[in-house]
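**Q** Okay, handing you the structure first.
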């Protein structure tokens with residue numbers, strides 16, 4: 001490997017090389033009993049990359065990775081990138097037919113699949129639908145590099161697409177967002193700077209590596225910061241609590257529901273999580289009570305909220321470490337450096353502070369486009385501005401508030417109802433833990449709002465509705481309350497509102 005060239009500094013491969021050069025013996029990953037240093041991570045990734053090249057994988061080829069969070073996932077991801085190829089992450093929650101469809105749409109040349117997890121054989125399933133392309137086990141240490149393979153001409157540039165990240169598909173079929181190396185690296189460096197993640201941190205990776213929150217905000221962030229990543233293969237609140245205690249986890253990033261679970265555990269055992277110093281979460285509705293509980297019951301001193309989307313390579317705006325609870329619960333902070341945000345009306349004109357409109361943004365973090373979908377790309381990227389489909393406002397201090405999704409808007413007898421506004425009120429009720437509001441058909445009004453809620457106790461529907469009536473215009477009040485054990489979510493923790501339509 002002595003003849004290997006210097007990687008483009010704006011590529012993920014350069015981040016890997018820089019981490020290994022700066023702190024070769026630092027612990028990069030802890031996966032069960034296996035500890036991997038940054039030097040070993042680099043060497044194993046490059047060795048696996050040479051195996052991919054030696055097998056005839058052409059530069060620019062797309063490679064799907066289908067597996068749970070693990071050191072093997074991290075190494076395979078880096079190997080594909082070091083081989084000059086593009087990663088197509090697949091969720092372990094995807095059915096075989098869904099995974100097959102995404103692989104076909106992305107024209108993948110190879111599927112790298114976990115052999116088995118919780119009784120499901122991913123490798124065998126992949127062998128059925130990817131027989132014409134090729135299937136390798138998610139065991140990069142067993143891949144055999146060719147003596148003639150070389151990385152000399154295969155290193156990616158900052159302009160190359162590192163990942164084809166299929167969107168969550170909460171309001172329609174997933175689309176393949178093409179994300180560039182330079183955007184991945186730049187936004188991650190900013191995120192690390194904003195959160196204060198550093199070499200002394202141990203970061204439990206709860207978000208799936210198949211999602212940008214896992215492989216970028218998790219794995220890549222740890223490489224940038226020099227932190228230790230601890231992949232969590234299967235989420236369980238008690239297991240995560242044990243991991244935090246035994247590993248001395250200092251940093252957590254997850255959906256609000258994970259933090260609700262940890263607060264419940266902390267409350268039940270009358271003990272918080274003293275090693276955790278920072279918690280980062282994000283959602284349209286973060287109850288103020290959750291933030292207080294994270295600080296006072298779980299004992300986490302710094303709680304931050306963030307807003308991002310796949311098409312913007314993740315993070316767009318964040319609160320600051322010293323922001324008070326009311327700021328964290330009512331806004332997602334200010335746009336990060338390098339991202340310009342505007343709020344516009346239907347004509348595209350910028351609105352005044354405090355007025356609601358669509359959130360649009362521009363900067364180097366904007367995706368290269370949707371895979372094989374020029375029409376879809378032109379619909380969301382106009383004159384260099386990415387139209388997010390999210391409705392928001394800004395205040396006099398430049399803080400951004402995400403009000404709702406354009407597609408989630410409920411029109412009640414001609415009046416607009418933003419579900420997030422109603423959800424914010426619902427989660428302020430003492431018995432409501434989580435809420436999701438959807439529109440249902442109504443013969444007279446066209447649509448009316450219905451609330452699906454998760455409770456910490458038995459819901460008194462009339463009491464909750466009276467609570468809403470005292471705080472909302474009559475047309476915004478849910479017509480009924482549907483109590484749920486849990487809200488349906490995708491792998492990123494976003495509520496699947498299509499599953500709640502009733």
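**Q** Could you tell me whether region 26-45 includes any residue that is more than 16 Å from residue 114 (Cα to Cα), in contact with a strand residue (DSSP E or B) (Cβ under 6 Å, 6 or more places away or on another chain) and assigned to a helix (DSSP H, G or I)?
**A** Yes, region 26-45 has at least one match.
**Q** If I ask for residues that are part of a helix (DSSP H, G or I) and within 19 Å of residue 391 (Cβ to Cβ), which ones from region 292-326 would you list?
**A** 310, 311, 312
Per-residue answers, yes or no, for (1) out of contact with any strand residue (DSSP E or B) (no Cβ under 9 Å at 6 or more places or on another chain); (2) surrounded by 17 or more Cβ atoms within 10 Å (Cβ to Cβ); (3) at pLDDT below 85:
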| position | (1), (2), (3) |
| --- | --- |
| 387 | no, yes, no |
| 397 | no, no, no |
| 404 | no, yes, yes |
| 425 | no, yes, no |
| 448 | no, yes, no |
| 463 | yes, no, no |
| 475 | no, no, yes |
| 480 | no, no, no |
| 502 | no, no, yes |
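**Q** Identify, please: which residue in region 205-231 is assigned to a strand (DSSP E or B) and over 13 Å from the mean Cα position of the chain (by Cα) and is, among those, surrounded by the most Cβ atoms within 10 Å (Cβ to Cβ)?
**A** Here the answer is 229.
**Q** Now, a different point. Output the number of residues of region 49-69 satisfying the condition of being more than 18 Å from residue 110 (Cβ to Cβ) and surrounded by fewer than 22 Cβ atoms within 10 Å (Cβ to Cβ).
**A** Going through region 49-69 one residue at a time, the tally reaches 1.
**Q** Could you list, in sequence order, the residues of region 99-129 that are assigned to a loop (DSSP other than H, G, I, E, B), in contact with a strand residue (DSSP E or B) (Cβ under 8 Å, 6 or more places away or on another chain) and more than 20 Å from residue 173 (Cα to Cα)?
**A** Listed by number, the residues that qualify are 109, 114, 115.
**Q** Considering each residue of region 160-201, count those that are at pLDDT 95 or above, in contact with a strand residue (DSSP E or B) (Cβ under 8 Å, 6 or more places away or on another chain) and assigned to a loop (DSSP other than H, G, I, E, B), and give that number.
**A** Number of matching residues: 4.
Rundown of residues vs (1) buried (at least 19 other Cβ atoms within 10 Å of the Cβ); (2) in contact (Cβ under 8 Å) with a residue 24 or more places away in the chain; (3) assigned to a helix (DSSP H, G or I), yes/no style:
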residue	(1), (2), (3)
239	no, no, yes
249	yes, yes, no
267	no, yes, yes
274	no, yes, no
280	yes, yes, no
290	yes, yes, yes
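**Q** What's the number of the condition residue 46 fails, among (1) at pLDDT below 95; (2) closer than 29 Å to residue 369 by Cβ; (3) surrounded by 20 or more Cβ atoms within 10 Å (Cβ to Cβ)?
**A** If we test residue 46 against (1) at pLDDT below 95; (2) closer than 29 Å to residue 369 by Cβ; (3) surrounded by 20 or more Cβ atoms within 10 Å (Cβ to Cβ), just (2) comes out false.
**Q** Of the residues that sit in region 322-366 and are closer than 16 Å to residue 397 by Cβ, surrounded by 18 or more Cβ atoms within 10 Å (Cβ to Cβ) and in contact with a helix residue (DSSP H, G or I) (Cβ under 9 Å, 6 or more places away or on another chain), which one is modelled with the lowest pLDDT?
**A** Once the filter is applied, the top-ranked residue is 329.
**Q** If residue 32 satisfies all but one of (1) free of Cβ contacts under 8 Å to residues at least 60 places away in the same chain; (2) within 16 Å of residue 218 (Cα to Cα), what's the number of the condition it fails?
**A** (2)
**Q** Can you name the residue in region 5-25 that is surrounded by fewer than 19 Cβ atoms within 10 Å (Cβ to Cβ) and touching a strand residue (DSSP E or B) at 6+ places or on another chain (Cβ under 8 Å) and, of all such residues, is farthest from residue 246 (Cα to Cα)?
**A** Selected residue: 24.
The values are calculated or read from the model by the stated rules, or taken from the named source; none is laboratory data. The structure displayed is predicted, hence computed values, not measured ones. Glycine gets a Cβ as well: all are built from the backbone with ideal geometry, and neighbour counts include every protein chain shown.
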